[in-house]
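The values are calculated or read from the model by the stated rules, or taken from the named source; none is laboratory data. Computed from a predicted model, the values in this text were never measured in an experiment. All Cβ positions, glycine included, derive from the backbone under ideal geometry; neighbour counts span all protein chains shown. Accessible surface areas use protein heavy atoms only, side chains included; no ligands, DNA or RNA. Shrake-Rupley method; radii C 1.70, N 1.55, O 1.52, S 1.80 Å.
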Amino acid sequence: MTKETIDLLFPDATLTPEVWEAKYPPRQLPEGAMVTRVAPSPTGFMHIGTVMTALFAERMARQTGGVFFLRVEDTDKKREVKGAVNIITKGLSYYGITVDEYPDGPYGPYTQSERKYIYLTYARHLVEKGFAYPCFATPEELEKARAEQEGLKTRPGYYGRWATWREGSEEAVHERLNAGVPFVIRMRSAGSHERKVSFDDAIKGKIMMPENDIDAVLIKADKLPTYHFAHVVDEHLMRVTHVTRGDEWLPSLSIHVELFGMFGWELPVFGHSAPIEKKEGSSRRKLSKRKDPEASVEHYEKEGYPAQSVQEFLLNLLNSNFEDWRKENPILTNNEFKLSFEKMSVSGALFDLAKLNDVSKEVISRMSAEQVYDLAIAWAKEHDEHLAQVIAGDKPYALTVLAIERNQEKPRKDIAKWSELWGEISYFYEEPEMGGETSVGAEHVKQSKEIVEAFIVEYDQQDDKERWLDKLRAMAERLGYARDTKSYKAEPEKYKGTLGDVTKVLRLLLAGRAVSPDLWEVMRVLGEKKVRARLGTICDLD
Ligand code: GLU
């Protein structure tokens, strides 16, 4: 193709590849340092799987003294949503994923639409070398070819004899250009579908697939690159060493490999991860943006899962040895865990909300009352005004409430997310609701009354835990309850019940629930006035 025609095809591509090569030289990093990236599209929805891949990529860069950056892939203008970039950057920082480069950095711009001239330079270069060509096929012509291929039961796509503009004459190109017909730039594939190629995937291992023979579009009619082209140019110029991405890109890998080859560029290491799955009945399916609220990163923040909990949960999904490591190293930070490609699961990791809740209860149980207070109030300010007001109203009191059964060998593990907090502490602020589970039960009213009356007589707010328990045990025995479960089990017919039945009555009246943290601590924090008032209510029952 003559220079004149190429100039007409690329009126804006006036620079040469050398200019960009010089602008983005190889990075000066120590041996083994990984350069990784997360490359989401600003569609307004951020999948939790994107955070998981980003977390992995970031950790790999950190572990090797490399670089991790964000690249916004906004070349599909139809899918772009305003404010979406904000969701991405907020999502990453919420989960403690820090980017070294974005929006500024030496290899920027990091938004693909701002790199338009770079892609055009390289597309022009390929056309000059005969590795790419303009294609003026109209949507109708492409549709006709597709229908014909279907009729012939042959593979769909723009390849071989279907690639009609492969050998388009300069004359035909000029004619279309003069008529203002929109065109795309396609690669001229030299591959054969009959030949197999193999790749080493850092996650999936050896993969065999047919060579690419599709003349894939590189530059669309709007002059922006396709994913395939931008991916290849960017990974090269941004000097990425390891590409981790969803395995929906695996079928296109042969296109990417051919393009890297056309430029004579070194391939990065690829790691393709399977999508997160969820159990449905006895089968598994992909965690779906449409069906599962937990597919969205925003869900976790709204529900009030601490970022650290989600991070631990994701680390667990990434490398299943995380769980054992955490058990052995309860006080180390997540960043001290070493992630690896080898431990990544080849098939989809199973997403289990019950597991997240367990992980989160553990994480919160390790926090101090101050940490719980700070995180809960930050969440409540956005999502639960009432909770925010109540706990901010008397911080020292809130801290004593939150300190119950914390900082001890077996801390309380009843809270998985901040949206559950009010349900767990409301009785320290408001009268507990009596009814349903909280009703003491008609047939027990008589005994309960007897229990409460006996308790009130001896109740002294100054009693330490030991004295309080001694008194309680003695009282239970006097009323015909076993002082411990062992005695009860030995001779159940001898007793009305156990000490547990006695404390249950007190719990129900004081906290509106049959299960609560340590009762002595609850009473101590509630204070004498509230304790007497709440227990007093039963004395009015007949
Ligand atoms: N923009 C692509 C996506 O959102 C990125 C895939 C990749 O990481 O290369 O699916």
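The figures follow:
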{"item": "Hits in region 186-217 (condition: under 31 Å from the mean Cα position of the chain (by Cα), within 16 Å of the ligand (Cβ to nearest atom) and among the hydrophobic types (A, V, I, L, M, F, W, C))", "result": "PHE199, ALA202, ILE203"}
{"item": "Subset tally (residues that are under 25 Å from GLN462 (Cβ atoms), basic (Lys, Arg) and in contact with a strand residue (DSSP E or B) (Cβ under 8 Å, 6 or more places away or on another chain)) for region 491-537", "result": "0"}
{"item": "Residue count for region 1-44, restricted to those that are hydroxyl-bearing (Ser, Thr, Tyr) and surrounded by 15 or more Cβ atoms within 10 Å (Cβ to Cβ)", "result": "5"}
{"item": "Which listed residue, of GLY91, GLY65, GLY105, is under 25 Å from ASN335 (Cβ atoms), in contact with a helix residue (DSSP H, G or I) (Cβ under 9 Å, 6 or more places away or on another chain) and in contact (Cβ under 8 Å) with a residue 24 or more places away in the chain", "result": "GLY91"}
{"item": "Evaluation of ALA349 against (1) within 16 Å of SER419 (Cβ to Cβ); (2) touching a helix residue (DSSP H, G or I) at 6+ places or on another chain (Cβ under 8 Å); (3) open to solvent by less than 50 Å² (accessible area, probe 1.4 Å) (one fails), failing number", "result": "(1)"}
{"item": "Tally, over region 35-44, of residues that are near the ligand (Cβ under 10 Å from one of its atoms) and closer than 18 Å to ASN86 by Cβ", "result": "6"}
{"item": "Spans of helices (runs of 4 or more DSSP H) in region 349-396 with at least 2 residues under 14 Å from TYR305 (Cβ atoms)", "result": "353-365, 369-383"}
{"item": "Only one of ASN357, ASN334 that is modelled with pLDDT under 95, of a type in the set (S, T, N, Q) and under 21 Å from TRP418 (Cβ atoms)", "result": "ASN334"}
{"item": "Count of region 144-183 residues which are open to solvent by less than 50 Å² (accessible area, probe 1.4 Å), within 21 Å of VAL257 (Cβ to Cβ) and in contact with a strand residue (DSSP E or B) (Cβ under 9 Å, 6 or more places away or on another chain)", "result": "4"}
{"item": "Test: GLN447 is more than 23 Å from ASN357 (Cα to Cα), in a helix (DSSP H, G or I), at pLDDT 95 or above and out of contact with any Leu (no Cβ under 7 Å at 6 or more places or on another chain)", "result": "no"}
{"item": "Unique match (being away from the ligand (no atom under 13 Å from the Cβ) and touching a strand residue (DSSP E or B) at 6+ places or on another chain (Cβ under 9 Å)) among GLY32, GLY105, GLY83", "result": "GLY105"}
{"item": "Test set (1) open to solvent by 80 Å² or more (accessible area, probe 1.4 Å); (2) at positive phi - GLY105 fails condition number", "result": "(1)"}
{"item": "Total residues in region 218-243, condition more than 13 Å from the ligand (Cβ to nearest atom), open to solvent by 40 Å² or more (accessible area, probe 1.4 Å) and over 22 Å from GLN28 (Cα atoms)", "result": "4"}
{"item": "Count of region 45-73 residues which are open to solvent by less than 30 Å² (accessible area, probe 1.4 Å) and either within 20 Å of the chain's Cα centre (by Cα) or within 9 Å of the ligand (Cβ to nearest atom) (or both)", "result": "19"}
{"item": "PRO26 vs. criteria under 27 Å from THR226 (Cβ atoms) and at pLDDT 95 or above", "result": "yes"}
{"item": "Yes/no for LEU317 being touching a strand residue (DSSP E or B) at 6+ places or on another chain (Cβ under 8 Å) and part of a helix (DSSP H, G or I)", "result": "yes"}
{"item": "Members of region 487-524 that are part of a helix (DSSP H, G or I) and touching a residue at least 60 places away in the same chain (Cβ under 8 Å)", "result": "VAL505, LEU508, LEU509, LEU510, ALA511, GLU521, VAL522, MET523, ARG524"}
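Yes/no per residue for (1) touching a helix residue (DSSP H, G or I) at 6+ places or on another chain (Cβ under 7 Å); (2) open to solvent by 40 Å² or more (accessible area, probe 1.4 Å):
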position	(1), (2)
SER309	yes, no
ASN321	no, yes
SER345	no, yes
SER360	yes, no
SER368	no, no
